[in-house]
1. Got a sec to turn the phi values of segment 212-225 into Karplus ³J(HN,Hα) couplings, 6.51 cos²θ - 1.76 cosθ + 1.60 with θ = phi - 60°, whole Hz, x for Gly and Pro?
2. Which value at 222 nm does the chain reach when only helices count, each DSSP H run of 4 or more adding -39,500 (n - 2.57), with the total divided by all residues and rounded to the nearest 500 deg cm²/dmol?
3. Using modelled backbone amide H atoms (1.01 Å from N, in-plane), which distant-in-sequence or interchain residues come within less than 5 Å of Lys195's amide H?
4. Averaging the inverse of every distinct alpha carbon separation and then flipping it gives the Kirkwood radius. What is it for segment 568-622, in angstrom units?
5. So for segment 168-227, averaging the separation of alpha carbon pairs under 8 Å that are six or more residues apart and normalising by length, what relative contact order in percent results?
6. By the scheme Lys and Arg +1, Asp and Glu -1, what is the net charge of all other residues having a beta-carbon under 12 Å from that of Thr122?
7. Find how many whole Å separate the alpha carbon centroid of segment 690-739 from the alpha carbon centroid of segment 157-189.
8. Which residues' amide hydrogens lie under 5 Å from the amide hydrogen of Val519, considering only partners 5 or more residues apart or on another chain, with H built in the peptide plane?
Amino acid sequence: MIVLLLVSTFSYIAFIPMVKAVISNDEWTQLNGDASMTRFYAGYGPDTSNILWKVNITGIQPYLVAFNGKIYVCSTSTAYALDQEGNIVWQTNFPEETTWPVAYKIDSDRMIIERYCLDSETGDLLWTSPTFNAYTGIFNTNVYSPEEKMFYAKVNSTIVAWDFSNPSEPPKMVWKTYIRGGGITGIGTTYGDGKIFTGSFENMQLALDAKTGKIIWATNTKGPMIFTGAYDDGMYFKGGSDDNIMYAFNASTGEVIWRYRPDTDGYFVTGCAVAYGMVYSMNKDGYFYAFDRNTGEIVWKYKGPNESLMWPGMPTVADGKIYVTTGEAAQYNAPQGISEFSCLDAFTGAQLWKLDKEALPPRESVAIAYDTLYIIPGDVTTAVDTISGNEYATDQQIWAIKDISPEEPDTVSTNWRQWRADAAHSSISDIGPSNLSLAWRFATSGSVISSPSVCDDIVYVGSTDGYIYALDAWYGNLIWKFKTNAPIESSVAVENGHVYTGGDDGYVYCINAKTGTQVWKTFVNGNQEFTFGNLVLKSSPAVIDGAVYIGSLDSYLYALDWTDGHILWKAKTNGPIESSPAVVDGAVYFTAEEPDTGEVYKLDATTGNVLWNFSIAYRPSFTGGNQMLGSSSVAEGKVFASSSWGDYYCIDTETGEEIWHFYDVTATEFIVSSPIWVNGTVYLINKFDLAAVNGTTGSAIWSKYTGDELYVSPSYAEGKIYMVTSQRHIFVLDINNQGAIIANATTLSSSWSSPAIANNRLYIGCNDWNVYCFKENITLQTSTIILSPENNELPLMAILAIMLIIIIIVAILLSYRIKTTKFNQVF
């Protein structure tokens, strides 16, 4: 039992985050944020429990929303609009009293509450419908789809669709569908990808066509499927109310992809949240669970202060944090419990802060907008089974929680437009983080060897799953993805409003940077069969002055017109080109792997004529191969190039003559990286070390030993060097202190992706299939972020600790056995 306990204690579970539906425009436009009901907000979330303001509203009901710069709440007879300072801007009385009303944003000017349409700016009553009613009722959840311009309401045992294409007048009913097992209470409706998802008391989950109301699928479950679920990227997630099972359905077919049932006396009921590749849900057993979105495996769980909850509420997710009621005072047949509203780390489950309050579960009266958390505090009583609806009591207030001085993302917005930052391969940014606090990570379906490019707050990166991805640079949500026909190992360039790819599948693609649509493609013969002796990297484009320059394994350097993709010229070498060209002052610099030597070329950027070439001798390597993977960088009239193994050269850009040659006999290794020139010093990778070399003479100034094998090109900002290693580490080194490591992080696998620095953040691809973004501010206790290892894989220190404890236990048992034997022999 002791050993089992120790193994359980030291076990870790890895997870692969995926993108999720995003609440747009800094708003929370309806009951659960948006139509998909993932309860994820793509903006900032408070790191502290600082209460910005409290406002008293007599009779306030449990639901709240925020849009058009305001926060909207209701009593049973009045709607209120508050500004972001907590002032009541307007209040409008309803013609008739109602229970648990909530506002839905219809467009920029109108919102609806129950059967009433109000001007969201003034509160004026615009129309009243004699037939339509958005009545929420007891546990019902309705949904408005801006995409369909339809409102879907649960009415007794039917789902009714209403046409809001002309919101200036009351809507018309489009269809009504009978749901077997529907009832007066407790049926939620969710929208996603042209479907309406609704449950039943008859132990089934259903999906309806959002346009026609036709039932697409109905899947039997092991308990009633009532209350609320969440749609995310082709999957629908929902907890069963009686069977204590969390379900993941294929949204198109209804197939159960995974289910999870904890061995506890609990249930998943009210609703879940989806973000960062995980599904989050509170359970009556007192635990908060984080599941892997794709597999259903538990990533982590958090235990609240009580043995159980009266009724679990719904989590809200933002900025790597979860906000949820984790403790309730009311208990069934037990002493009074502890009220607790928690902010949890979304990746680890660590509690970051808490309030001795509840946010009125199971409604979970929480919304987040304008980088502020809004809650209606209250609690549930032991009378939850009454039919009056009065068993939930608010504190008659709404609170705003916001950090006093939050990090404002828009204070720094910079670009890193192509591989190594620019066409010269300078790899320099004006500002970069000194700490590595994980901001977000996005999972692709393949290794991310491609280095990210960042332009206008969008990250562009390729994956070996064959897709180019465009991601929001601040929050990591997917904007678009573009399918190619081969694994992508090159990096993209972003110029002139377009994304230009390498030739991984043989073609260079030009893609609209905003929409992800193809503009043109040109064949450059880059998909040759080729044996790599070391790393697998492909030439990345340099884009400048109306042309796209790209190397190919067919031994040609291509120049393409960036407008229509036609070939301006192509220059023949005597071997494959794996390196990426640098373009400076009308000249193109690159290396080629030729039969007898590596060759550095300088070409005229306009004509492709060879201006000079410089031969670099190969050195024998135990891995074999003469890959010229290191790409040239150019600065101050010098071009810096590397051999296949151990050598760096500084060459005069005008004459092609060698200026100096750096070689360390103790640190020979194949070279992938490009040097960086900073104020007369060249920084280069020297096997295990970062070396600072005099840019004029090539003599070593200092060298920092890291203990890791270093291959990938480093990057620079503000006196700091950023680099990744084959031992799964990311280092930030202080060049003003001889390379002292000032921050580090550990990923799940090695990285062949060069760091990109933009927006005072660090962006890196990884072989673990993820794209990572690290930011400056720290929300945890340490600047070292250690991410989970693979499932069922124990860290080395954990294994050693377990072995040591087992040895101690065995020794104690043997000692006890020997003593007992001697005792028996004596007596």
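The values are calculated or read from the model by the stated rules, or taken from the named source; none is laboratory data. Since the structure is predicted, the reported quantities are computational estimates derived from the model, not experimental observations. Counting neighbours? That spans all protein chains shown, and the Cβs are built from the backbone with ideal geometry, glycine included. To get the accessible areas, we keep the full protein, side chains included, count just its heavy atoms, and leave off ligands, DNA and RNA. Shrake-Rupley method; radii C 1.70, N 1.55, O 1.52, S 1.80 Å.
1. Once rounded to whole Hz, the list reads 10, x, 5, 6, 7, 8, 9, 10, 5, 10, 9, x, x, 10.
2. The helix-only estimate for the chain comes to -1500 deg cm²/dmol at 222 nm.
3. For Lys195, whose amide H was placed from the backbone, the distant partners under 5 Å are Ala210.
4. Numbers: mean 1/r = 0.0848 Å⁻¹.
Taking the inverse mean of 1/r over all distinct Cα pairs, segment 568-622 comes out at 11.8 Å.
5. Working: 112 pairs, mean separation 17.7, N = 60.
In percent, rounded to a whole number, it is 29.
6. Numbers: positive: Lys70, Arg110; negative: Asp109, Asp119, Glu121, Asp124.
Here the count lands on -2.
7. Measuring centre to centre over Cα atoms gives 62 Å.
8. Cys510, Ile511, Asn512
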